[in-house]
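**Student:** First the structure, which I've put down as C-alpha coordinates, then a few questions once you've had a look.
The values are calculated or read from the model by the stated rules, or taken from the named source; none is laboratory data. Model, not experiment: these values are computed from the prediction. With ideal geometry, Cβ positions are generated from the backbone for all residues, glycine too; neighbour counts draw on all protein chains shown.
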Amino acid sequence: MKGIVFSEFLELVEEKFGMEMVDKIINQSDLKSQGAYTAVGTYEFSEMLQLVQNLSNNTKISIDDLLLVYGEHFFQVLERDYGKMLALYQDPIEMLSSIENHIHVEVKKIYPDAELPTFEVLEKTKTKLIMLYKSGRAMHQFGLGLMNKTFEFFNTSAEIVLEKIKKDGTEVKFLITQIPNGPK
Ligand code: HEM
(Lines give C-alpha, C1' and ligand atoms only; values in the text may rest on other atoms or scores of the structure.)
Protein backbone atom coordinates (compact mmCIF):
# COMPACT_ATOMS: atom_id res chain seq x y z
CA MET A 1 0.00 0.00 0.00
CA LYS A 2 1.31 3.44 -0.93
CA GLY A 3 2.73 5.69 1.76
CA ILE A 4 0.27 8.47 0.98
CA VAL A 5 -2.54 6.27 2.28
CA PHE A 6 -0.67 5.91 5.60
CA SER A 7 0.55 9.49 5.97
CA GLU A 8 -2.89 10.94 5.26
CA PHE A 9 -4.46 8.47 7.68
CA LEU A 10 -2.10 9.53 10.47
CA GLU A 11 -2.76 13.21 9.64
CA LEU A 12 -6.47 12.62 10.10
CA VAL A 13 -5.94 10.71 13.35
CA GLU A 14 -3.87 13.63 14.65
CA GLU A 15 -6.52 16.14 13.59
CA LYS A 16 -9.39 14.21 15.20
CA PHE A 17 -7.77 12.58 18.24
CA GLY A 18 -4.42 14.35 18.77
CA MET A 19 -0.76 13.46 18.44
CA GLU A 20 -0.90 11.23 21.55
CA MET A 21 -3.29 8.91 19.74
CA VAL A 22 -0.98 8.76 16.72
CA ASP A 23 1.91 7.72 18.99
CA LYS A 24 -0.29 5.29 20.87
CA ILE A 25 -1.53 3.35 17.82
CA ILE A 26 1.98 3.27 16.32
CA ASN A 27 3.35 1.86 19.59
CA GLN A 28 0.54 -0.68 19.88
CA SER A 29 1.21 -1.95 16.34
CA ASP A 30 4.08 -4.12 15.22
CA LEU A 31 5.30 -2.06 12.26
CA LYS A 32 8.25 -2.89 10.06
CA SER A 33 8.26 0.78 8.99
CA GLN A 34 8.12 1.91 12.63
CA GLY A 35 5.42 4.34 11.54
CA ALA A 36 7.67 6.46 9.33
CA TYR A 37 5.93 6.78 5.96
CA THR A 38 6.88 8.73 2.85
CA ALA A 39 4.13 9.44 0.30
CA VAL A 40 5.83 7.57 -2.55
CA GLY A 41 7.09 4.61 -0.49
CA THR A 42 5.29 1.27 -0.39
CA TYR A 43 4.43 -0.54 2.85
CA GLU A 44 2.68 -3.71 3.89
CA PHE A 45 -1.10 -3.53 4.00
CA SER A 46 -0.96 -5.39 7.34
CA GLU A 47 0.44 -2.17 8.86
CA MET A 48 -2.73 -0.29 7.88
CA LEU A 49 -4.88 -3.07 9.31
CA GLN A 50 -3.08 -2.88 12.64
CA LEU A 51 -3.26 0.94 12.84
CA VAL A 52 -6.99 0.95 12.07
CA GLN A 53 -7.66 -1.95 14.45
CA ASN A 54 -5.81 -0.22 17.28
CA LEU A 55 -7.56 3.08 16.61
CA SER A 56 -10.86 1.21 16.73
CA ASN A 57 -9.92 -0.46 20.06
CA ASN A 58 -8.92 2.87 21.61
CA THR A 59 -11.86 4.93 20.35
CA LYS A 60 -14.59 2.23 20.34
CA ILE A 61 -15.47 3.37 16.80
CA SER A 62 -16.00 0.47 14.40
CA ILE A 63 -13.43 -0.22 11.68
CA ASP A 64 -16.16 0.30 9.07
CA ASP A 65 -16.96 3.78 10.41
CA LEU A 66 -13.29 4.72 10.64
CA LEU A 67 -12.68 3.66 7.03
CA LEU A 68 -15.78 5.52 5.83
CA VAL A 69 -14.62 8.78 7.42
CA TYR A 70 -11.12 8.15 6.13
CA GLY A 71 -12.46 7.69 2.57
CA GLU A 72 -14.36 10.97 2.85
CA HIS A 73 -11.17 12.67 4.02
CA PHE A 74 -9.08 11.06 1.27
CA PHE A 75 -11.20 12.72 -1.42
CA GLN A 76 -9.66 16.05 -0.37
CA VAL A 77 -6.26 14.52 -1.04
CA LEU A 78 -7.42 13.55 -4.54
CA GLU A 79 -8.70 17.09 -5.12
CA ARG A 80 -5.40 18.54 -3.89
CA ASP A 81 -2.99 16.20 -5.69
CA TYR A 82 -4.97 14.89 -8.69
CA GLY A 83 -7.29 17.79 -9.49
CA LYS A 84 -6.45 17.50 -13.20
CA MET A 85 -7.74 13.95 -13.30
CA LEU A 86 -10.99 14.96 -11.61
CA ALA A 87 -11.41 17.93 -13.96
CA LEU A 88 -11.88 15.53 -16.88
CA TYR A 89 -15.32 14.65 -15.54
CA GLN A 90 -18.57 16.59 -15.59
CA ASP A 91 -20.72 13.97 -13.92
CA PRO A 92 -20.31 11.72 -10.86
CA ILE A 93 -21.67 8.56 -12.51
CA GLU A 94 -19.34 9.06 -15.47
CA MET A 95 -16.45 9.47 -13.07
CA LEU A 96 -17.21 6.46 -10.89
CA SER A 97 -17.79 4.19 -13.88
CA SER A 98 -14.34 5.23 -15.16
CA ILE A 99 -12.34 4.23 -12.08
CA GLU A 100 -11.46 0.86 -13.54
CA ASN A 101 -10.61 1.80 -17.13
CA HIS A 102 -9.24 5.29 -16.67
CA ILE A 103 -8.61 6.65 -13.17
CA HIS A 104 -6.84 3.70 -11.59
CA VAL A 105 -5.11 2.96 -14.92
CA GLU A 106 -3.47 6.39 -14.64
CA VAL A 107 -2.66 5.72 -10.98
CA LYS A 108 -0.90 2.51 -12.01
CA LYS A 109 1.23 4.51 -14.47
CA ILE A 110 2.32 6.87 -11.69
CA TYR A 111 2.78 4.10 -9.09
CA PRO A 112 3.38 0.74 -10.82
CA ASP A 113 3.33 -0.99 -7.43
CA ALA A 114 -0.05 0.44 -6.32
CA GLU A 115 -2.45 -2.18 -5.00
CA LEU A 116 -5.80 -1.23 -6.45
CA PRO A 117 -9.24 -2.77 -6.25
CA THR A 118 -11.28 -3.64 -9.33
CA PHE A 119 -14.63 -1.93 -9.94
CA GLU A 120 -16.55 -3.81 -12.62
CA VAL A 121 -19.54 -1.92 -14.05
CA LEU A 122 -22.55 -4.25 -14.10
CA GLU A 123 -25.26 -1.72 -15.04
CA LYS A 124 -25.19 1.93 -15.94
CA THR A 125 -27.79 4.55 -16.82
CA LYS A 126 -27.70 8.35 -16.50
CA THR A 127 -28.77 8.18 -12.85
CA LYS A 128 -27.96 4.62 -11.77
CA LEU A 129 -24.78 2.64 -11.48
CA ILE A 130 -24.18 -0.87 -10.22
CA MET A 131 -20.56 -1.85 -9.70
CA LEU A 132 -18.83 -4.89 -8.30
CA TYR A 133 -15.91 -4.08 -6.00
CA LYS A 134 -13.24 -6.74 -5.60
CA SER A 135 -10.14 -6.42 -3.44
CA GLY A 136 -8.29 -8.61 -0.99
CA ARG A 137 -8.02 -5.51 1.20
CA ALA A 138 -11.81 -5.26 1.74
CA MET A 139 -11.73 -1.45 1.83
CA HIS A 140 -15.31 -1.04 0.59
CA GLN A 141 -16.15 1.53 3.28
CA PHE A 142 -13.19 3.63 2.17
CA GLY A 143 -14.65 3.39 -1.35
CA LEU A 144 -18.08 4.42 -0.05
CA GLY A 145 -16.53 7.51 1.56
CA LEU A 146 -14.85 8.44 -1.73
CA MET A 147 -18.13 7.94 -3.60
CA ASN A 148 -20.11 10.13 -1.16
CA LYS A 149 -17.61 12.92 -1.72
CA THR A 150 -17.64 12.38 -5.49
CA PHE A 151 -21.35 13.24 -5.55
CA GLU A 152 -20.78 16.22 -3.26
CA PHE A 153 -18.01 17.42 -5.57
CA PHE A 154 -20.58 17.65 -8.39
CA ASN A 155 -23.10 19.37 -6.09
CA THR A 156 -25.44 16.44 -5.99
CA SER A 157 -26.06 13.37 -3.82
CA ALA A 158 -26.88 9.70 -4.10
CA GLU A 159 -28.29 6.74 -2.27
CA ILE A 160 -25.58 4.09 -2.15
CA VAL A 161 -26.44 0.59 -0.96
CA LEU A 162 -23.73 -1.99 -0.33
CA GLU A 163 -24.45 -5.67 -0.75
CA LYS A 164 -21.73 -8.02 0.43
CA ILE A 165 -21.21 -10.83 -2.07
CA LYS A 166 -18.52 -12.34 0.15
CA LYS A 167 -18.87 -12.16 3.94
CA ASP A 168 -15.29 -10.96 4.41
CA GLY A 169 -15.97 -7.88 2.27
CA THR A 170 -13.56 -8.80 -0.51
CA GLU A 171 -16.47 -8.72 -3.02
CA VAL A 172 -19.15 -6.08 -2.58
CA LYS A 173 -21.85 -4.82 -4.92
CA PHE A 174 -22.43 -1.04 -4.92
CA LEU A 175 -25.95 0.00 -5.96
CA ILE A 176 -25.81 3.72 -6.64
CA THR A 177 -28.82 5.93 -7.41
CA GLN A 178 -28.32 9.62 -7.94
CA ILE A 179 -30.94 11.70 -6.14
CA PRO A 180 -32.63 14.11 -8.56
CA ASN A 181 -32.39 17.78 -7.51
CA GLY A 182 -30.01 16.89 -4.72
CA PRO A 183 -28.65 19.70 -2.53
CA LYS A 184 -27.11 22.45 -4.62
C1 HEM B 1 -6.85 3.04 -3.57
C2 HEM B 1 -5.68 6.81 -6.36
C3 HEM B 1 -10.34 7.66 -7.25
C4 HEM B 1 -11.51 3.70 -4.75
C5 HEM B 1 -6.15 4.03 -4.20
C6 HEM B 1 -4.72 4.28 -4.01
C7 HEM B 1 -4.39 5.34 -4.78
C8 HEM B 1 -5.59 5.76 -5.49
C9 HEM B 1 -3.01 5.98 -4.92
C10 HEM B 1 -3.79 3.50 -3.07
C11 HEM B 1 -3.11 2.35 -3.76
C12 HEM B 1 -2.09 1.68 -2.87
O13 HEM B 1 -2.07 1.95 -1.69
O14 HEM B 1 -1.26 0.89 -3.35
C15 HEM B 1 -6.85 7.36 -6.84
C16 HEM B 1 -6.91 8.60 -7.62
C17 HEM B 1 -8.24 8.83 -7.87
C18 HEM B 1 -8.97 7.74 -7.24
C19 HEM B 1 -5.71 9.44 -8.03
C20 HEM B 1 -8.91 9.98 -8.60
C21 HEM B 1 -8.31 11.02 -9.13
C22 HEM B 1 -11.06 6.69 -6.61
C23 HEM B 1 -12.49 6.71 -6.48
C24 HEM B 1 -12.83 5.61 -5.80
C25 HEM B 1 -11.61 4.87 -5.47
C26 HEM B 1 -13.44 7.79 -7.03
C27 HEM B 1 -14.25 5.29 -5.48
C28 HEM B 1 -14.72 4.23 -5.01
C29 HEM B 1 -10.35 3.20 -4.18
C30 HEM B 1 -10.33 2.18 -3.14
C31 HEM B 1 -8.98 1.99 -2.80
C32 HEM B 1 -8.22 2.91 -3.63
C33 HEM B 1 -11.54 1.48 -2.55
C34 HEM B 1 -8.40 1.09 -1.68
C35 HEM B 1 -7.64 -0.11 -2.14
C36 HEM B 1 -8.49 -1.35 -2.22
O37 HEM B 1 -9.70 -1.33 -1.94
O38 HEM B 1 -7.93 -2.40 -2.61
N39 HEM B 1 -6.64 4.93 -5.12
N40 HEM B 1 -8.10 6.86 -6.66
N41 HEM B 1 -10.55 5.57 -5.99
N42 HEM B 1 -9.07 3.60 -4.46
FE43 HEM B 1 -8.57 5.10 -5.72
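**Student:** Taking Met95, is it touching a residue at least 24 places away in the same chain (Cβ under 8 Å), hydrophobic (A, V, I, L, M, F, W, C) and surrounded by 12 or more Cβ atoms within 10 Å (Cβ to Cβ)?
**Tutor:** When the stated conditions are applied, Met95 passes them.
**Student:** Checking the condition aromatic (Phe, Trp, Tyr) and more than 24 Å from Asp81 (Cα to Cα), which residue from Phe153, Phe174 passes?
**Tutor:** The match here is Phe174.
**Student:** Let me ask something else. In segment 124-182, which residue that is within 20 Å of Phe45 (Cα to Cα) and of a type in the set (Val, Ile, Thr) is surrounded by the most Cβ atoms within 10 Å (Cβ to Cβ)?
**Tutor:** Val172
**Student:** On the basis of being more than 28 Å from Asn155 (Cα to Cα) and of a type outside the set (S, T, N, Q), does Asp23 make the cut?
**Tutor:** Answer is yes for this residue.
**Student:** Residues to consider are Leu78, Leu49, Leu67; find the one that is of a type in the set (A, V, I, L, M) and in contact with a Phe, Trp or Tyr (Cβ under 7 Å, 6 or more places away or on another chain).
**Tutor:** One residue alone meets the criteria, Leu67.
**Student:** With segment 100-184 as the region, which strands (runs of 3 or more DSSP E) entirely inside it contain at least 2 residues that are modelled with pLDDT under 95 and away from the ligand (no atom under 14 Å from the Cβ)?
**Tutor:** Fully inside segment 100-184 and qualifying: nothing.
**Student:** Between residues in segment 144-168 that are touching a residue at least 40 places away in the same chain (Cβ under 8 Å) and residues that are in a loop (DSSP other than H, G, I, E, B), which pairs lie under 7 Å by C-beta distance while being six or more apart or on different chains?
**Tutor:** Phe154/Asp91; Thr156/Gly182
**Student:** Across segment 47-60, what is the number of residues that are surrounded by fewer than 16 Cβ atoms within 10 Å (Cβ to Cβ) and of a type outside the set (D, E, K, R)?
**Tutor:** 5
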